[in-house]
1. Between a first residue in the range 81-110 that is without any contact (Cβ under 8 Å) to a residue 60 or more places away in the chain and a second residue that is surrounded by 10 or more Cβ atoms within 10 Å (Cβ to Cβ) and among the β-branched types (V, I, T), which pairs have beta carbons less than 6 Å apart while being 6 or more apart in sequence or on different chains?
Amino acid sequence: MAYINNIFGLRVVLRKKEQIMKFNIRISCGISFVLATVMFSGTASAREFETQAEWENNRECYLSRRVPATVKYDTMGELVSPSTNGWEGNPYKNGSRVVLKQRDPVYKTTVEVIEPQHHTLVKVKCR
């Protein structure tokens, strides 16, 4: 006599190889029947519902626009030389002309980026 445990943990006594094959076929048929029942039972119980709802257009449309950089140019940014007053000419030479000259200050221009270049979205009506 031979003993075999099936998938449910039951001990079954088998006497011949033919009985083992028949037993395996019965188990596999039973498992496939259970699986088929579970798989196809979901579609049989499906229901259809009819609802009434108003359609709302919730779309928002935007147009992309490029905004150039905003730059501030300061012409009196960095002082190179201050204003000066000075005499021009040779005061020790007879008959020479001496003139009081005023020189303007000299500056370097500085650049300051206030707002960098970017893209912005402008809301428009959808087509």
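1. Within 6 Å, the pairs are S81/V106; W87/V98; G89/V98; P91/V98; R103/T84.
Residue-wise test of (1) polar (S, T, N, Q); (2) surrounded by 10 or more Cβ atoms within 10 Å (Cβ to Cβ); (3) at pLDDT 90 or above; (4) assigned to a loop (DSSP other than H, G, I, E, B).
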site: A53; (1), (2), (3), (4): no, no, no, yes
site: R66; (1), (2), (3), (4): no, no, yes, no
site: E78; (1), (2), (3), (4): no, yes, yes, no
site: N90; (1), (2), (3), (4): yes, yes, no, yes
site: Q102; (1), (2), (3), (4): yes, no, yes, no
site: T110; (1), (2), (3), (4): yes, yes, yes, no
site: I114; (1), (2), (3), (4): no, no, yes, no
site: H119; (1), (2), (3), (4): no, no, yes, no
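The values are calculated or read from the model by the stated rules, or taken from the named source; none is laboratory data. As the structure is a prediction and not an experimental result, all values here were calculated from the model. Glycine gets a Cβ as well: all are built from the backbone with ideal geometry, and neighbour counts include every protein chain shown.
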